[in-house]
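The values are calculated or read from the model by the stated rules, or taken from the named source; none is laboratory data. What you see is a predicted model, and the numbers here were worked out from it, not measured in a lab. Here the Cβ positions follow ideal geometry from the backbone for every residue, glycine too, while neighbour counts run over all protein chains shown.
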Amino acid sequence: MSFNFSKENLQKIEVLKSRYPSPQALSLPCLWMVQYQEGYISLDAIDEISRVIGTPSMEIYRVATFYTMFHLEPQKKLNVQVCKTLSCKLCGSDEILEHLEGKDVNIVHVECLGSCGTAPVMQIDDVNYENLTPDKVDEVLKELK
């Protein structure tokens, strides 16, 4: 199955090309576009990014596999990123992680979600959920399912 960027995303790429020092610098924005368009990043999509921005496919793949926020397969469960840095730990992220263990979600431990003042925090689909308690986690998961 082949991948093609939507017309809207191709237009966005053309605009971004003028803002970046080289087309190769568009790796991350293009990966995000694919993930938002398709829900995950297929190898065909990596090949298409490579063609559009003139960067070897392996370089695009290397970038996609380096970052935890990119999915190279369709996701069957919610991906819940939980911050594991000091602020969140001190405010109860271990309790949140333990509570999530019994849920039907993929748990990803990440370094910093940039919300230390509202710790503990988790992120689902680029949305931060802050000042968490086990009850608040349950409310969020109920709304999303």
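Just one of 38, 73, 98 is within 26 Å of residue 144 (Cα to Cα), assigned by TED's automatic domain parsing to the domain that holds residue 131 and modelled with pLDDT of 90 or more; which is it? Show your work before the answer.
Details: 38 fails: assigned by TED's automatic domain parsing to the domain that holds residue 131; 73 fails: assigned by TED's automatic domain parsing to the domain that holds residue 131.
The unique qualifying residue is 98.
Residues are listed down the side, and each one gets a yes or a no for (1) touching a residue at least 40 places away in the same chain (Cβ under 8 Å); (2) not in a helix (DSSP H, G or I):
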| residue | (1), (2) |
| --- | --- |
| 75 | no, yes |
| 80 | yes, yes |
| 96 | yes, no |
| 102 | no, yes |
| 107 | no, yes |
| 120 | no, yes |
With the structure loaded, tell me whether residue 130 is more than 27 Å from residue 66 (Cα to Cα) and assigned by TED's automatic domain parsing to the domain that holds residue 83 or whether it fails that test. no
Any chance you could count how many residues in segment 101-122 are modelled with pLDDT under 95 and under 18 Å from residue 68 (Cβ atoms)? 11
Residue that is farthest from the chain's Cα centre (by Cα) [pool: residues in segment 72-105 that are surrounded by fewer than 14 Cβ atoms within 10 Å (Cβ to Cβ) and closer than 28 Å to residue 37 by Cα]: 104
